[in-house]
């Protein structure tokens, strides 16, 4: 297994490779896609893809196109989330958000283009020749399912609809499992799929991912609440608004412990994921 | 070969089947997706998919998931096109457009969900078991390529960027081949792919589709110009603004003749496509 920053380096190199060239009629579109995709970010999702591939004995090269596709999906979701009709956020990772820099129309299309490019990368000849037809289809199908109606986008609409309502913890969990969890689960499962892993391994990775995904979202809400920035005022649907910080942190700890319990099937390779889960649970930004 | 309205009936039945159920947390999202997808429309693209599949000796059932996916892509593009930051159209097919009915945020997400659902349908077990892995990957890959950076979305950004400029006919053709043509080409090629057609057939279908796609767009501009509605005032990048109607209609005729020349490889089945090309070239709405 490599370490986290080695994975990040590999991902950043390959994201660049998988972006379309910034030239011709589509130059502005390429620039807008690149702007958000290469503007930093923790790269947690694609790191999970690479790490689970290695943990299942797979070749990292087989997981790289999938890891890059997943980060493109994450970027697209951020660009659309920031638009004025959604969260209306002017800043993303400390710089002007995509629509502030390129205008709303181009930002909308850059999001659409990143979403589509993710599938293009997974389904292109280079990838299918590398990993074979079965892995290609299983990965693409898992991704489509988890980011669509029954996953990320479904969660976003549920989030919008319930943001003015009083929801209980169980419903909030359900919404966050879709909105945030589904892509983290897909990233983890697809890493296993790239390694031709067993069903047991794929399911274990999914359980781990679901637990850390929810813990991650609760920590996000706690940190947002602590920083008392404008976001928490706008986004009503937050753990911070229904739970006190101490209680939220307890739940994060419990979820992290649960996540770690799912890891036995990965033998010594479990250490990487165990460390990652604890680090995410104790982060302060 | 079936006739046009028989194909449309099949498509409408199956679109309904492939839409997610309108229930649970995602009910509003399902309603918004359905609203635009089932609100009429000529269904030209999915009809091309079914017709080319039959013309190449394929089983219609194999082409149906692809045809439905392509119509979902068309619907998503209309929803995003109508948004205030794009064309800002309040009406679509005579009824309030998606964002007027459901709000901008839900419309944005309904577009994203339809785009994602298209890939989900193509890549699901039901489809891959029906058509096999090779056809699944070839169809999904062709779709991703033609609706992304190097296709539809690339064309939309180029359209935006050039709408205030004086462009010549050749550049306008290039933009429209991306913006409108690429999806029509994908629809036609994927019909052939579903029938396991030869490369020669796939290329012939693509040539036909590119010609009728461009003719279709020029006729759109002529009809928009004739009706002098608000759209032509907003969208500057139009054949109507650089060519007089008589000249535009001549080009449409020439493109239609060219389209028909590509059809020899389909033997007697060419009649369907020949009639369709002439009908599209002479339409008045």
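Mean residue ellipticity, 222 nm, helices only, the protein assembly as shown: the sum of -39500 (n - 2.57) across DSSP H runs of n ≥ 4, divided by residue count and rounded to 500, is -23000 deg cm²/dmol. Between copies, the label points of residue B:6, set 7 Å from Cα on the Cα→Cβ line, lie 6.2 nm apart, reported in increasing order to one decimal in nanometres. Inter-copy label distances at residue A:253, using a point 7 Å along Cα-to-Cβ, come to 8.3 nm with the shortest given first. For the protein assembly as shown, the Kirkwood estimate of hydrodynamic radius, built from reciprocal distances between every pair of different alpha carbons, is 24.4 Å. Computing Rg and the Kirkwood Rh from the Cα coordinates of region B:1-114 gives a ratio, Rg/Rh, of 1.01. The alpha carbon gyration tensor of region B:138-267 gives principal lengths a ≥ b ≥ c with a/c of 1.5 or higher and a/b no greater than b/c, which makes the shape oblate. Cβ crowding within 10 Å ranks A:253, A:189 as A:253, A:189, fewest other Cβ atoms first. With a ≥ b ≥ c taken as the square roots of the eigenvalues of the C-alpha gyration tensor of region A:64-166, please select rounded if a/c is under 1.5 and otherwise prolate if a/b is larger than b/c or oblate if it is not? It comes out oblate by the Cα gyration axes.
Shown for B:214, A:60: other C-beta atoms within 10 Å of each C-beta, ranked fewest to most, produce the order A:60, B:214.
Counting neighbouring beta carbons within 10 Å and listing from fewest to most, the residues A:13, B:274 come out as A:13, B:274.
Here the Kirkwood formula, the inverse mean of 1/r across different C-alpha pairs, assigns chain B a hydrodynamic radius of 19.1 Å. Modelled label positions at residue B:198 and residue B:59, each set 7 Å beyond Cα in the direction of Cβ, lie 2.3 nm from each other.
D by Stokes-Einstein for region B:64-120, Kirkwood Rh over Cα pairs, 4 °C, 1.567 mPa s: 115 µm²/s. Put the Cα centre of region B:140-214 next to the Cα centre of region B:23-48 and the gap is 23 Å.
Coordinate-derived values only; no laboratory data. Values in this document were obtained by computation on a predicted structure and should not be read as measured data. Here the Cβ is made from the backbone with ideal geometry for all residues, glycine too, and neighbour counts use every protein chain on show.
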